[in-house]
Amino acid sequence: TATSILSVTSAMPDHMISGFLRAPARVGAFSGGDLAVADSSMGAIIYMPAAGGTPTGMLNVPGVSGTAVDWADRLLVGTPSGAAVLDRLGNLVFNLVPPSPFGEVTDVAVDLQGQRYVVLYGQPGRVILFDSTGTVALGLGSNGTGTDQFQSACAVAVSPTGQILVGD
């Protein structure tokens with residue numbers, strides 16, 4: 001299969017971007033090809049066709065810091081108050097509750113193969129993995145300069161082989 005890279009800014013003409021998106025931060029793709037774009041400035045997730053055009057909907061999520069789409073086409077959403085899994089209409093499926101309070105969620109990602117949710121708490125440099133039901137599976141990292149420590153963790157992603165990648 002061929003891999004293609006699509007940036008939000010290349011999917012839509014500039015005049016449409018300025019009309020709809022203010023500060024797109026993260027993007028997730030639904031199985032049908034539509035996009036969920038987290039726009040922190042708007043405090044919303046904007047639904048857009050991947051081929052470009054007019055947004056098809058908006059989900060108000062104050063303080064949204066990240067979004068990803070899981071294996072069941074549900075949204076993983078990070079906000080200052082935590083992370084949650086929502087259906088496409090914005091209804092709560094379940095909250096992802098860490099074993100202890102870690103502060104604001106900096107970013108989120110989904111492991112499609114392992115069916116895990118990944119939540120980054122940037123201030124303490126902590127990554128928490130949750131299983132498909134929202135149960136804590138593993139915690140990694142801390143602040144510092146040593147092995148498995150982060151100085152300014154700001155982004156998280158999952159490789160196709162399931163490796164957790166942290167931008168520091």
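The values are calculated or read from the model by the stated rules, or taken from the named source; none is laboratory data. All values derive from a computational prediction rather than experimental measurement. Because the Cβ atoms are built from the backbone with ideal geometry, glycine has one as well, and the counts that use them run over all protein chains shown. Accessible surface is based on the protein model in full, side chains and every heavy atom, while ligands, DNA and RNA are left aside. Shrake-Rupley method; radii C 1.70, N 1.55, O 1.52, S 1.80 Å.
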Inset, instruction - Determine whether T3 is open to solvent by 30 Å² or more (accessible area, probe 1.4 Å), over 29 Å from G162 (Cβ atoms), at pLDDT below 90 and not in a strand (DSSP E or B). - result: no
Inset, instruction - Looking only at region 106-128, decide whether some residue is under 19 Å from I45 (Cα atoms) and part of a loop (DSSP other than H, G, I, E, B). - result: yes
Legend entry - Checking A109 against (1) out of contact with any Ser or Thr (no Cβ under 6 Å at 6 or more places or on another chain); (2) within 16 Å of W71 (Cα to Cα); (3) surrounded by fewer than 16 Cβ atoms within 10 Å (Cβ to Cβ), the condition it does not meet: (3)
Inset, instruction - Working only within region 86-114, note down all residues that are within 16 Å of P62 (Cα to Cα), under 16 Å from the mean Cα position of the chain (by Cα) and hydrophobic (A, V, I, L, M, F, W, C). - result: L86, L92, V105, V108
Inset, instruction - Tell me, yes or no, whether region 114-132 has at least one residue that is farther than 15 Å from G28 by Cβ and in contact with a helix residue (DSSP H, G or I) (Cβ under 7 Å, 6 or more places away or on another chain). - result: no
Inset, instruction - Could you please find all residues in region 136-158 being at negative phi, surrounded by 11 or more Cβ atoms within 10 Å (Cβ to Cβ) and either assigned to a loop (DSSP other than H, G, I, E, B) or touching a residue at least 40 places away in the same chain (Cβ under 8 Å) (or both)? - result: G139, S152, A153, C154, A155, V156, A157, V158
Inset, instruction - Answer yes or no: is there a residue in region 90-104 that is open to solvent by less than 40 Å² (accessible area, probe 1.4 Å) and touching a residue at least 60 places away in the same chain (Cβ under 8 Å). - result: no
Legend entry - Scope region 49-88; condition closer than 12 Å to G28 by Cβ, of a type outside the set (A, V, I, L, M, F, W, C) and open to solvent by less than 20 Å² (accessible area, probe 1.4 Å); matching residues: G66, T67, D70, G78
Inset, instruction - Quick one: count up the residues across region 55-87 that are assigned to a loop (DSSP other than H, G, I, E, B), of a type outside the set (G, A, S) and farther than 14 Å from A44 by Cβ. - result: 6
Legend entry - Verdict on S132 being over 16 Å from D73 (Cα atoms) and either within 16 Å of the chain's Cα centre (by Cα) or not charged (D, E, K, R) (or both): no
Legend entry - Criterion (within 17 Å of the chain's Cα centre (by Cα), among the hydroxyl-bearing types (S, T, Y) and over 23 Å from G63 (Cβ atoms)) met by exactly one of S142, S81, S159: S159
